[in-house]
Amino acid sequence: MNADSFETVVVETDLLILGGGMAACGAAYEASHWAKKHNQRVTLVDKAAMERSGAVAMGLSAINLYLGLKDGRNSVDDYVQYVKNDLMGIARDDLVANIARHVDSSVHLFEKWGLPIWKDEDGRYVNEGRWQIMIHGEAYKNIVSEAAKMALKELGEHGSYYERIFITEPVMVDDRCVGAVGFSVRENKFYLFKAKAVLDTMGGAVHIFRPRSVGEGLGRSWYPPFNSGASAYFTLKAGAEMTCQEVRFVPVRFKDSYGPVGAWFLLFKSKATNAKGEDYMETRAAELENWAPYGTARPTPANLRNYLMLKEIEEGNGPIYMRTDEAIREMVAQIPDEKEARRKMKELESEAWEDFLDMTVSQALNWASHNIMPEETPSEISACEPYFISSHSGASGAWISGPEDLAPDAHFWGYGNMTTVKGLFAAGDASGASSHKFSSGSFTEGRIAAKAAVAFCVDHPDPVHVSGEQVAALKEQVLKPLRIFDAHKDYSNDQEVNPHYIKPKMFMFRLQKIMDEYAGGASVGFRTSGALLEKGLEYLQYMKEDAEKLAAGDLNELMRCWENTHRLWQAESHIRTIRFREETRWPGYYFRTDHPAMKAEWEAFANCRWDPASGEWKMIKREIL
Amino acid sequence: MPSFVINEKCDGCKAQDRTACQYICPNDLMVLDREKNKAYNRAVDMCWECYSCVKICPTQAIEIRGYADFMPLGGVVQPLRSTDSIMWSVRFRNRAVKRFKFPIRTSPEGSIEPDAGFETGTDDLKGPGLRTEPDSLGTSLFTR
């Protein structure tokens, strides 16, 4: 494929939304309203098709963040306290509160747009847990993306969206972000998007650590494999400060297919036990005191629940089982009437299967393949591999300004959700230290960020100028893997084995091997140390050099090259930050064997920044306010 | 193999202006082989088994064969999706069959009105209130 054949397409807009998932749809929805009032243009760019893109592509069986403020079910402060405890004290109160105070509004919109939410006899939402409500969510993303598209349509020619464009790099003029570049994965076109403000909502990162399944099952990550670190790369390359890059998320899910456990634990009140039938949350309760005050508060933080389970496995007490059979038996046993009990059994069976069919079909297939009837047979659960996702119980992302009315002075710099780079905003998995946003909170944070970004556009009306030389250099950089391949492909008799370049798939496997073995992946029980991290970082430097020799034979491979470059940067910021934080704070996510306990001096944010001018990394410790 | 295409059923979406599976796959895996006029999954180990291609295929030519590195053969889960509901057939390895039907949407496709009948509220671009708030919240906006 000839790199010279690429046409350059220039798109000028005011607010540029990067991504097409929940946060991006929320952003498009909100931005359209304010842009119309203030005569601004809005453009959204998605690497896939919006109706099935991002982490909610498959659907969901629950909305995990709904407060019920109008009915006085919970308060905003209750939620902040819950999130902060789950993250062992590391969270930004202002950011979490900001999402929590608006999120119900988004959920009410989803319902009106057509999302079926479970209701009880009194017409109230059915709660799965305190913050979670049950939905029939197979078409969740279709519905939300339709609303986003309809909102953009209200802008007429000032609203647009582009699908199948893969964004690679930020466009910087001095210290301000003024756009992004990328390419079409369908035709030979290089894209330059020029904007007054840019909102990064390109999701979290998967396939940085080696997955437990490495055959066909490689793709069955819990978070989607197409979330490849574009968000973190974009903000890092722009020179933005990042936070919580050490706070990975390791979910415990049904083994191998990674089906959801929330409904089983919360709705069906199921227990998880070791092979002997012992409930390790009870038998190992004393361990939680070592992680006080967070370990002794309720609910027990996700990472500590993981940790107790990992200890069982370490001591040879596996397999670990979700006791689905006992849970269903107990629920049915509470109903004395036989006919009514049979009806209840049928209802529970349907609910149990829907939970998987709505959001992890593969787990239903796993049960069918193993002849598992949940009412008869318990199912294995296990810890997945680590992911980078601030919308769940991880926290990695950009360090952003809080809202003016909630943020302490040090956490507000002009526009809510703006990173430390002028004109660059972040939301969803792209912004850090505001965990537990989930689908509804990510959509909501996209709304919040988009409104602030429109205000930035209005305050900075001057047209953006990007020089021809800069565009030419960016184009050359983006298309380089095509040139590398073209120049060397005829040297060897196998295009996959050539000493002059590396293909993206092997590059990804190399990264996964380093991260797994040195940075505390699943195969080493999530344990690492300063010495291991040092060595891992050394190997990553070779990878950074070899990233210049990534080769692509077609557009799909060009996308894979850039996805893996993005992953590499997420990986490096992760290793550097775990190394910086000399303690163990989330033992079920990673364990520093050389610093095996929590330290008071690390009751703080561990931030980092890559300096575009010098190419140096700087580590920054920031107070929790 | 995760998703696979049944040769006999795939017509390459010849009646459509684009191949449905290629349009929808969130990981850009489905491709049309122009010579054979059949779609295929180009990287089965990057497939999330999200079923987007299965659900959208106009000729029901796509199915999922569970990841061979951990699923025994014989299980089949197949959806039939309409505009307001989805019907699932689950066939076990031991040939047992279960069927489930769930609603997916309460409004007609393409009918969404962004404000959904809520008042649009504030005009203050710099304030914390979002589009449709406080009406869509059902209560006043929290502040300190």
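Assuming charge only on the beta carbon of Lys and Arg (+1) and of Asp and Glu (-1), the dipole of region A:470-608 about its Cα centre is about 180 debye to the nearest 20.
Each 10 Å bin from zero holds the following percent of Cα-Cα pairs in the protein assembly as shown: 3, 14, 26, 28, 20, 8, 1, 0. When the Cα positions of A:LEU44, A:ASN2, A:VAL56 are compared along the charge dipole of region A:1-61, A:VAL56 comes out farthest toward the positive end, with charges on each C-beta of Lys, Arg, Asp and Glu.
With all projection directions averaged, the alpha carbon convex hull of region A:14-66 covers 4.4 nm².
If exposed means no more than 12 neighbouring beta carbons inside 10 Å and the site is in a DSSP loop, what's the longest run of chain A without any exposed GluC sites (Glu not before Pro)?
That gives A:188-314 as the longest site-free run.
Neighbouring Cβ atoms from other chains, within 10 Å of the Cβ of residues in B:56-69, number 3 on average. Each helix, a run of at least 4 DSSP H residues, gives -39500 (n - 2.57); summed and divided by the residues of chain A, these come to -12000 deg cm²/dmol at 222 nm. The charge dipole of chain A, taken about the Cα centre with unit charges on the Cβ atoms of Lys, Arg (+1) and Asp, Glu (-1), comes to about 380 debye, rounded to the nearest 20. Sparse packing (at most 16 other Cβ atoms within 10 Å of the Cβ) combined with a DSSP loop state is found for the following chymotrypsin sites (Phe, Trp or Tyr not before Pro) in region A:348-413: A:TRP413. Size descriptor for region B:8-47, Kirkwood hydrodynamic radius: 10.4 Å (Cα pairs only, one decimal).
Cα-based Rg of region A:203-263 per 2.2 N^0.38 Å, rounded to two decimals?
1.30
Residues A:LYS344, A:LYS269, A:LYS112 in ascending order of nearby Cβ atoms (within 10 Å, fewest first): A:LYS269, A:LYS344, A:LYS112. Applying Stokes-Einstein at 4 °C and 1.567 mPa s to the Kirkwood radius of region A:211-352, computed over alpha-carbon pairs, gives a translational diffusion coefficient of 71 µm² s⁻¹. With Cα atoms defining each centre, region A:69-133 and region B:106-144 are spaced 16 Å apart in the structure. Dividing the convex hull volume of the alpha-carbon atoms in region A:1-90 by its residue count gives 214 Å³ per residue. For the pairs A:LYS47/A:LYS513; A:LYS36/A:LYS153; A:LYS489/A:LYS544; A:LYS255/B:LYS98; A:LYS119/B:LYS101; A:LYS194/A:LYS422, note any where the Cα-Cα span goes beyond 19 Å. Over 19 Å apart, Cα to Cα: A:LYS47/A:LYS513; A:LYS489/A:LYS544; A:LYS255/B:LYS98. Taking Cα centroids, how far is region A:307-338 from region A:236-289 in Å? Here the two parts' Cα centres lie 15 Å apart.
Across chain A, the relative contact order, built from alpha-carbon pairs under 8 Å that are at least six residues apart, equals 21 percent.
Per-residue shielding of B:82-88, expressed as the average number of other chain Cβ atoms within 10 Å of the residue Cβ, stands at 3. The chymotrypsin sites (Phe, Trp or Tyr not before Pro) of region B:8-103 include none that DSSP puts in a loop with a beta carbon having at most 13 other beta carbons within 10 Å. Residue order for A:LYS119, A:LYS141, fewest other beta carbons within 10 angstrom first, comes to A:LYS119, A:LYS141. For chain B, what is the charge dipole size about the Cα centre, in debye to the nearest 20, if Lys and Arg each add +1 at the Cβ and Asp and Glu each add -1 at the Cβ? Approximately 980 debye in magnitude. A Stokes-Einstein calculation at 25 °C with viscosity 0.890 mPa s, built on the Kirkwood radius of chain B over Cα pairs, returns a diffusion coefficient of 132 µm²/s.
How high is the FRET efficiency from A:GLU315 to B:ARG93, r the C-beta distance, R0 45 Å, rounded to 0.05? Efficiency for this residue pair is about 0.85. Computed over region A:392-447, the Cα gyration tensor eigenvalues convert (square root of 5λ each) into semi-axes of 18, 11, 11 Å, ordered from largest to smallest. Tell me, what is the percent relative contact order of region A:470-608, built from C-alpha pairs under 8 Å that lie six or more residues apart? This gives 27 percent for region A:470-608. When Rg and the Kirkwood Rh are both derived from Cα coordinates, the Rg/Rh ratio for region A:470-608 amounts to 1.09. Working from label points 7 Å from Cα in the Cα-to-Cβ sense, the B:ASP135 to B:ALA68 distance is 5.7 nm.
Among the chymotrypsin sites (Phe, Trp or Tyr not before Pro) within region A:1-99, not one is in coil by DSSP while having at most 13 neighbouring Cβ atoms inside 10 Å. In order along region A:177-183, phi translates into HN-Hα couplings of 8, 10, x, 8, 10, x, 8 Hz, rounded to whole numbers, per the Karplus curve 6.51 cos²θ - 1.76 cosθ + 1.60 with θ = phi - 60° and x for Gly and Pro.
Size descriptors for region A:308-422 (Cα atoms only): Rg and Dmax, in that order, 22.5, 66 Å. Each residue in A:SER105, A:SER435, A:SER401 was given a count of other beta-carbon atoms within 10 angstrom of its own, and listing them fewest first yields A:SER401, A:SER105, A:SER435.
With contacts taken as Cα pairs under 8 Å and at least 6 residues apart, region A:252-383 reaches a relative contact order of 39 percent.
Throughout, read-outs are computed from the coordinates displayed, never taken from laboratory work. Quantities reported herein were computed from a predicted structural model and do not represent experimental measurements. Every residue, glycine among them, receives a Cβ derived from its backbone with ideal geometry; neighbour counts consider all protein chains shown.
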